[in-house]
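So the structure is just underneath, and the comments pick up after that.
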Amino acid sequence: SPFFFLVSQSSPVVVMMTTNTSSNNVMNIAGEEYDIAAAGIEDYGENADGSYDWDVYLFGDGITIDNSTPVGQGAYLYLDLNTNSADGLVAGTYTFAQDRAPFTWVYADACTNFNTSNFNCASGSYYASTGTVVISGSGSSTSVEVNLQDSAGASITASYTGGFSVLD
């Protein structure tokens, strides 16, 4: 956001001007920002430990969800989350774990140029190794706040509020 300095005789005043983009739903992959155009969720059922495997996909411009299938090419962020509910995502903070358990993520990756037709990431993938995913709200007002890093220190963040298309 640009800063403007208004100078008066008594003291300078700093005014911060912000621009509102068309969407507050954004993801940032290694310093590059992408609007989130679609969000999907996939139910993998109950895990051996009694937790439930819910996979979340955030897709940038260029990828749509057509009949429960992602189509197109663009940025994506994938989160393999585990909850304590068979009914879907549960509000809370999810942290990395090697083994599945409620309120953990066991895998997350991001790509800035993913092609859904051949599952190829032309830009190279970023594999998260640390960080948190915070879920709040529910239904069409579910919020997902992602703050992850890969082993090289690249940041993978996202802020999304809305509903999810069910993926097959």
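The values are calculated or read from the model by the stated rules, or taken from the named source; none is laboratory data. Just so we're clear, the structure is a prediction, and the values are computed from it rather than from any experiment. Backbone-built Cβ (ideal geometry, glycine too); neighbour counts: all protein chains shown. Just so you know, the surface numbers come from the protein's heavy atoms only, side chains and all, with ligands and any DNA or RNA stripped out. Shrake-Rupley method; radii C 1.70, N 1.55, O 1.52, S 1.80 Å.
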Name the chymotrypsin sites (Phe, Trp or Tyr not before Pro) in the stretch 48-156 that are in a loop by DSSP and that have at most 12 other C-beta atoms within 10 Å, would you?
-> F119
For the chain, with +1 on Lys and Arg beta carbons and -1 on Asp and Glu, the positive-most of G50, S140, S85 along the dipole | S140
Modelled label-to-label distance, S68 and Q149, 7 Å Cα→beta-carbon offset: nm?
-> 3.9 nm
Per residue, accessible area of the stretch 81-168 with a 1.4 Å probe, heavy atoms of protein chains only, in Å², comes to 48 Å²
From the Cα gyration tensor of the stretch 106-168, with a ≥ b ≥ c the square roots of its eigenvalues, which class applies: rounded if a/c is under 1.5, or else prolate if a/b is larger than b/c, or else oblate?
-> oblate
Once Lys and Arg are counted +1 and Asp and Glu -1 for all other residues with Cβ under 13 Å from that of A154, the total becomes -3
Going by the alpha-carbon gyration tensor, a ≥ b ≥ c the square roots of its eigenvalues, is the stretch 15-168 rounded (a/c under 1.5) or, if a/c is not under 1.5, prolate (a/b greater than b/c) versus oblate?
-> rounded
The summed charge of the I65 Cβ neighbourhood (under 12 Å; Lys/Arg +1, Asp/Glu -1) stands at -3
Relative contact order (%) - criterion: Cα under 8 Å, at least six apart; region: the chain | 20 percent
Can you tell me how much longer the chain between D87 and S125 gets when fully stretched, taken as 0.36 nm per residue apart minus their C-alpha distance, in nm with one decimal?
-> 10.7 nm
